[in-house]
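Read the structure below first, then the notes.
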Amino acid sequence: MSPNTVPAVIQFSVDMRHPEADVLDGMDADLRALVASSAERHGCGAEVAVDDGLPPVAFDGRCVAAVASAAEATGRACERIVSGAGHDACYVASRGPAAMVFVPCRDGLSHNEAESIEPGQAEVGAEVLLHAALSLAS
């Protein structure tokens, strides 16, 4: 489509993540208000639909700290993120302590048919997981 073309319909998605459900609800309300006011201002229609409203899952603080410490101890970078995917660990967390270790994938693709991980990255993830597990076991 040419940049000069004005489409009849535009569809896009917004991925909002936060560890607290109340904050997510506020973000949703703010987005809906913004979309409604923008549509009114520009004289067009707009619709907001929620495709996937998974509730946030809080992982065990001790497990998360063990993963962060293990990453630091092995000289790896660690960034705490809120995952929006329905990982098995989210279901495990409803039954007991859990955390996750994410490792970089080629081109940043995750949960995608093209997802691919280099063996060295898998080794790094396994090393961090091992150190975290040993720390929690002692």
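The values are calculated or read from the model by the stated rules, or taken from the named source; none is laboratory data. For clarity, every value in this text was computed on a predicted model and none was experimentally measured. Cβ placement follows ideal geometry from the backbone for every residue including glycine, while neighbour counts extend to all protein chains displayed.
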Subset of region 19-37 (residues that are of a type outside the set (A, V, I, L, M) and either within 19 Å of L54 (Cβ to Cβ) or in contact with a Pro (Cβ under 8 Å, 6 or more places away or on another chain) (or both)): P19, E20, D22, D25, G26, D28, R32
With (1) of a type in the set (G, A, S); (2) at pLDDT below 85; (3) assigned to a helix (DSSP H, G or I) as the list, and S38 as the residue in question, which single condition is left unmet? (2)
In region 46-88, how many are of a type in the set (D, E) and either under 24 Å from G120 (Cβ atoms) or assigned to a helix (DSSP H, G or I) (or both)? 3
Among the residues of region 92-130, what is the count of those that are among the acidic types (D, E) and in a helix (DSSP H, G or I)? 3
For region 80-103, check the following and say yes or no: at least one residue is surrounded by 13 or more Cβ atoms within 10 Å (Cβ to Cβ) and either in contact with a strand residue (DSSP E or B) (Cβ under 6 Å, 6 or more places away or on another chain) or charged (D, E, K, R) (or both). no
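Just to check your reading of the model, which residue among A77, A114, A70, A93 is outside the structural domain of A21 (by TED's automatic domain parsing), of a type in the set (G, A, S) and in contact with a Phe, Trp or Tyr (Cβ under 6 Å, 6 or more places away or on another chain)? Give the derivation first.
Working: A77 fails: in contact with a Phe, Trp or Tyr (Cβ under 6 Å, 6 or more places away or on another chain); A114 fails: in contact with a Phe, Trp or Tyr (Cβ under 6 Å, 6 or more places away or on another chain); A70 fails: in contact with a Phe, Trp or Tyr (Cβ under 6 Å, 6 or more places away or on another chain).
Within the list A77, A114, A70, A93, the selection yields A93.
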Going through region 61-70 in order, the residues found to be under 16 Å from D88 (Cβ atoms) and either surrounded by fewer than 15 Cβ atoms within 10 Å (Cβ to Cβ) or in contact with a strand residue (DSSP E or B) (Cβ under 8 Å, 6 or more places away or on another chain) (or both) are none
